[in-house]
Every structure is written in C-alpha cells, then in structure tokens.
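Below you'll find the structure, written out as structure tokens, and then a few comments.
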Amino acid sequence: MIKNLKSWLDKVSKLFAKKKDIKLGFYGPPNAGKTTLANKICKDWIGEEMGTVSKIPHETREVKVKEKVTIESNGKKLTFNIVDTPGIATKIDYEDFLKHKLTPVKAKQRAREATKGVIEAIKWLDNVDCVVVVLDSTKNPYSQVNITIIGNLAARDIPVLIAGNKVDLPNSNLKRIEAAFPQYKVIGISAQSGDNIENFYKEVFGLVN
C-alpha cells in the first residue's frame, strides 16, 4: 500500500515538474501597479517590457500574455506565462475619463473597452494556475473591488500571493492589507523602484511548490 502510494506521488511530482507554461495571473484594481510589476519581471528576466502604463485608469484594457518567462530564485528555475489583466472595477463611468482630458468620444470608447476587459479578466480566472493580487498599499484595502477579486479567487481555490505595492511612498500601510486578507501571504514591494523584488520572487516560487 505504502509502495503504491509512493509510486503514485512520484508520478504526480514528475507530471508537475514537466508541466509547462505555468500561468501566473496579475489581478487587482486599476492603477495598483499590475503592469508596472509585470514590466519589472519581464525586464529582469527577458529584457523587455510587457505593456504601457499611465496615470489614466484602465490603461490595460485587454489581457496580455508574455510567454516563457523563466525566473530564478534560491538556485531554482521556473518558467511562467505572465498574464497581465485589466484592472477590475465594479463600476466604469465614461465621465471619470473626462477628468483626464479625454474627449467624450474617446472617454466612451475607453469605458466600453475597459468594461469588456474586466469581463475578459474574470474569464481568465479559469485558465490561470496561480495569481498575484497587486494592491496599492497607500489605499484602504477594504473596498468592494478588492473583496470581489479575493472572493472570486477563493471560490476557485487558486493559490494567491498579495503584493502590497508602492511601499516606497510615505503613507504605505501593509498592516491594513494583512488585516483585511489574513488568509493570504502579503509581501510589500515597489514595482517602480524594485524594492524587495528578490523576496517577491521567492514568494512567487512558494505559490507552485
């Protein structure tokens, strides 16, 4: 019995070891720093960025995938498909984009594209193997959007790491994020400056080990 169990576990281990294209999804609200972090990872390991960033919400309005990004940590290597998703929002109003000096026509188009992007991002939850939730550590984590994101991940039993971004800013508060979502590991980083990025990579490895 024990021998058969060991044999079965060995087979499972080998299958996982051979598994290619571990899909690592990046989720979070708009402007939390998902694309900035995805760009940092891709720049570190394959020398190119993944997408554009902007102060205007919903700069990323469709799911983008960067394949075969091999990350090293503690002498180990894992290859990921990095899946950068549009910012999740419970409400998208074109008038919000007018504040950023977009014309009404462009604002309405952006709102339509952003809404479509949110739907696409939610659908991708059925395709990812693990997720990094990127939250702005300077903002209150107890928001409807954040609770919706975490709820969807918990319902699917997807391994999650929360990256509390923007720790380089003076009003950063990781303890609020830890208190809001105590069931998940929270690591503080700055995707912009690269603060604590090495420890972030170690925690990413923990998602699939």
Worksheet item: Considering the range 130-159 alone, what residues qualify as being of a type in the set (D, E) and surrounded by fewer than 18 Cβ atoms within 10 Å (Cβ to Cβ)?
Response: D157
Worksheet item: Restricting the search to the range 106-139, which residues are under 15 Å from the mean Cα position of the chain (by Cα) and among the polar types (S, T, N, Q)?
Response: N127, S137
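Only residues that are hydrophobic (A, V, I, L, M, F, W, C) and either modelled with pLDDT of 85 or more or more than 26 Å from M50 (Cβ to Cβ) (or both): list them for the range 78-114, please. Can you show your working first?
Residues of the range 78-114 that are hydrophobic (A, V, I, L, M, F, W, C), as a first pass: 78, 80, 82-83, 88-89, 92, 97-98, 102, 105, 107, 111, 114.
L78, F80, I82, V83, L98, V105, listed by residue number.
Is there a residue in the range 164-187 that is touching a residue at least 60 places away in the same chain (Cβ under 8 Å) and among the aliphatic types (A, V, I, L, M)? Outline the logic, then answer.
So the first thing to find is which residues in the range 164-187 are touching a residue at least 60 places away in the same chain (Cβ under 8 Å), and the list is 165-166.
With the extra rule that they be among the aliphatic types (A, V, I, L, M), the set shrinks to none.
No: zero hits.
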Worksheet entry | Selected residue (only one of D195, D129 is within 22 Å of E67 (Cα to Cα) and either in contact with a Cys (Cβ under 8 Å, 6 or more places away or on another chain) or in contact (Cβ under 8 Å) with a residue 12 or more places away in the chain (or both)) | D129
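If you take the residues in the range 161-183 that are small (G, A, S) and not in a helix (DSSP H, G or I), which one is surrounded by the fewest Cβ atoms within 10 Å (Cβ to Cβ)?
Within the range 161-183, the subset small (G, A, S) is 163-164, 172, 179-180.
With the extra rule that they be not in a helix (DSSP H, G or I), the set shrinks to 163-164, 172.
Values: A163: 29, G164: 27, S172: 18.
For the range 161-183, the residue satisfying everything is S172.
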Worksheet item: Name the pairs: first residue in the range 144-163 and of a type outside the set (A, V, I, L, M, F, W, C), second residue surrounded by 14 or more Cβ atoms within 10 Å (Cβ to Cβ) and part of a helix (DSSP H, G or I), Cβ to Cβ under 6 Å, at least 6 apart or on different chains?
Response: P159/L207
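The values are calculated or read from the model by the stated rules, or taken from the named source; none is laboratory data. A quick note: this is a predicted structure, and the numbers were derived from the prediction, not measured. Positions of Cβ are generated from backbone atoms using ideal geometry, with glycine treated the same way; all protein chains shown enter the neighbour counts.
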